[in-house]
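Report on the following structure.
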Amino acid sequence: MSKQKKSALKENKGISVSEITNKSSIESIKKKRKTKIDTDALLASILKKDVTALSRAITLVESKNPKHKKQANTLLKACLPYANNSIRIGVTGVPGVGKSTFIEAFGKHLTSIGKRIAVLAIDPSSTITKGSILGDKTRMEDLVKDKNAFIRPSASGESLGGVARKTRESIILCEAAGFDVIIIETVGVGQSETTVHSMVDFFLLLKLAGAGDELQGIKRGIIEMADSIAINKADGDNLKKAKLAKVEFNRALHLYPEKSSNWLPKVILCSALQNEGIDSIWNIILEYIEITTKNNFFSKKRNEQNKFWLIQTIEEQLKSDFFNKPKIKKALANQIQLLESNKTTPFAAADYLLNLNN
């Protein structure tokens with residue numbers, strides 16, 4: 001009886017299913033890893049308009065891994081000959097102005113006339129948890145299904161004004177992938193507008209009528225950077241207020257000195273929800289591109305932007321190198337303790353650390 005039980009529990013020798021599965025999984029993982037670091041294969045796929053490869057490339061560019069950084073630079077350099085053929089549009093406005101709804105309506109219009117568009121949406125990161133919702137794909141549910149549209153939400157992290165540090169490089173990748181129009185959505189707070197303005201050809205400011213900020217147009221700032229102002233949600237009972245707001249903004253714009261582009265910013269009414277005025281905004285952008293191309297401002301602006309990002313990159317790298325030095329890390333911790341015990345000032349501590357680095 002005991003022998004029968006023993007034989008029933010006996011296991012014949014052989015290769016287990018888990019062993020086969022594990023070997024297969026390991027080989028699959030190795031293959032995937034190899035693909036990820038093969039920049040030549042990634043470039044070839046991007047040039048074939050493969051959005052999966054584009055997503056992987058943007059992830060590579062956003063990575064903080066030093067090895068990935070080197071690979072990303074190699075990929076970006078290889079993409080340069082195929083870049084700079086798009087129209088780059090920045091879209092900004094206060095939270096609640098309807099940026100995502102507008103971009104979806106605008107994007108659908110562009111794809112309907114045969115354009116391929118990429119949306120680089122910057123999602124604000126929490127200053128407390130460092131987390132980000134990345135909900136733009138949810139908010140643009142119709143556009144995300146469009147085969148001629150690519151939406152990439154990125155967490156803003158701790159970079160200036162909440163603008164993702166690698167958005168500039170992502171533009172190059174999207175252009176290499178054959179996208180005609182690149183739309184960059186800002187979080188609409190802090191200095192993000194200034195940073196986005198430094199990487200786009202056309203800067204569109206969305207405004208709300210009746211929000212009490214019509215007269216803010218007479219102040220220097222965001223309105224001065226705008227190439228066009230679109231008063232959104234100009235429908236229903238809000239239409240009358242929108243028309244009054246348009247008059248106010250037009251008056252304000254005339255107070256500013258003439259732009260070096262010889263372009264006079266235009267104010268337009270639109271309703272993203274009702275899909276009204278969207279085509280007119282695209283026509284304004286085309287008019288702007290035509291004028292600035294003829295007077296060479298378009299290319300001059302892009303060259304200035306390249307210089308700006310050169311300096312920005314150097315500053316970021318110097319900052320990163322400084323804070324990652326072991327002796328600086330140790331000395332910084334000591335200086336913070338001295339600050340907390342009121343034995344030094346922030347300025348004296350900074351001088352000490354900077355001199356230590358020399």
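The values are calculated or read from the model by the stated rules, or taken from the named source; none is laboratory data. Everything numeric here is computed off the predicted structure, so don't read it as measured data. FYI the Cβ positions are ideal-geometry reconstructions off the backbone, even for glycines, and counts take in every protein chain you see.
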Quiz prompt | Residues (within 15 Å of I113 (Cα to Cα), touching a strand residue (DSSP E or B) at 6+ places or on another chain (Cβ under 8 Å) and surrounded by 18 or more Cβ atoms within 10 Å (Cβ to Cβ)) located in segment 270-284 | solution = I281
Quiz item: Do we have L239 as touching a strand residue (DSSP E or B) at 6+ places or on another chain (Cβ under 9 Å), at pLDDT 90 or above and assigned to a helix (DSSP H, G or I) here?
Solution: yes
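Output the residue which, of all residues in segment 101-138 that are part of a helix (DSSP H, G or I), β-branched (V, I, T) and farther than 21 Å from A176 by Cα, is modelled with the highest pLDDT.
The initial filter retains those residues of segment 101-138 that are part of a helix (DSSP H, G or I), namely 101-112, 136-138.
Next, from what is left, pick out any that are β-branched (V, I, T): 101, 103, 111, 138.
With the extra rule that they be farther than 21 Å from A176 by Cα, the set shrinks to 101, 103, 138.
On the way: T101: 91, I103: 94, T138: 54.
Restricting to residues being part of a helix (DSSP H, G or I), β-branched (V, I, T) and farther than 21 Å from A176 by Cα, the top hit is I103.
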Quiz item: Restricting segment 318-344 to residues that are touching a residue at least 24 places away in the same chain (Cβ under 8 Å) and not β-branched (V, I, T), which is farthest from K64 (Cα to Cα)?
Solution: A331
Quiz item: Which of the residues that make up segment 292-336 are under 17 Å from A349 (Cα atoms) and of a type in the set (G, A, S)?
Solution: A331, A333
Quiz item: Any chance segment 317-332 includes a residue that's hydroxyl-bearing (S, T, Y) and either part of a loop (DSSP other than H, G, I, E, B) or within 18 Å of H197 (Cβ to Cβ) (or both)?
Solution: no
Exercise. Can you tell me which residue within segment 77-100, out of those that are in a helix (DSSP H, G or I) and over 17 Å from the mean Cα position of the chain (by Cα), is surrounded by the most Cβ atoms within 10 Å (Cβ to Cβ)?
Key: C79
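Give the residues of segment 45-65 that are of a type in the set (G, A, S) and either crowded, with 22+ Cβ neighbours inside 10 Å or assigned to a helix (DSSP H, G or I) (or both), sorted by residue number. Give the steps one after another, and end with the answer.
Filtering segment 45-65 for residues of a type in the set (G, A, S) gives 45, 53, 55, 57, 63.
Passing the criteria: S45, A53, S55, A57.
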Exercise. Sort through F308, F347 and tell me the only one that's hydrophobic (A, V, I, L, M, F, W, C), within 25 Å of T167 (Cα to Cα) and assigned to a helix (DSSP H, G or I).
Key: F308
Practice problem: Output yes when any residue across segment 283-294 is within 24 Å of M225 (Cβ to Cβ), in the same structural domain as I223 (by TED's automatic domain parsing), modelled with pLDDT of 95 or more and of a type in the set (D, E), and no when none is. | Solution: yes
Self-check item: Selection status of K70, modelled with pLDDT under 50 and either surrounded by 15 or more Cβ atoms within 10 Å (Cβ to Cβ) or out of contact with any strand residue (DSSP E or B) (no Cβ under 7 Å at 6 or more places or on another chain) (or both)
Solution: no
Quiz item: Of the residues that make up segment 149-160, is at least one in contact with a Phe, Trp or Tyr (Cβ under 7 Å, 6 or more places away or on another chain), modelled with pLDDT of 90 or more, aliphatic (A, V, I, L, M) and outside any helix (DSSP H, G or I)?
Solution: no
Self-check item: Selected residue (only one of N250, N232 is modelled with pLDDT of 80 or more and either within 27 Å of the chain's Cα centre (by Cα) or buried (at least 21 other Cβ atoms within 10 Å of the Cβ) (or both))
Solution: N232
Quiz prompt | Complete set of residues in segment 242-260 that are in contact (Cβ under 8 Å) with a residue 12 or more places away in the chain and in a loop (DSSP other than H, G, I, E, B) | solution = L255, Y256, S260
Exercise. Go through segment 295-305 and give me each residue that's assigned to a helix (DSSP H, G or I) and of a type outside the set (A, V, I, L, M, F, W, C).
Key: S299, K300, K301, R302, N303, E304, Q305
Quiz item: Among E287, E316, E340, which is the only one that is surrounded by fewer than 11 Cβ atoms within 10 Å (Cβ to Cβ) and of a type in the set (D, E)?
Solution: E340
Quiz prompt | Close pairs from segment 273-292: first within 18 Å of D201 (Cβ to Cβ), partner assigned to a helix (DSSP H, G or I), Cβ under 6 Å, at least 6 apart | solution = T292/F298
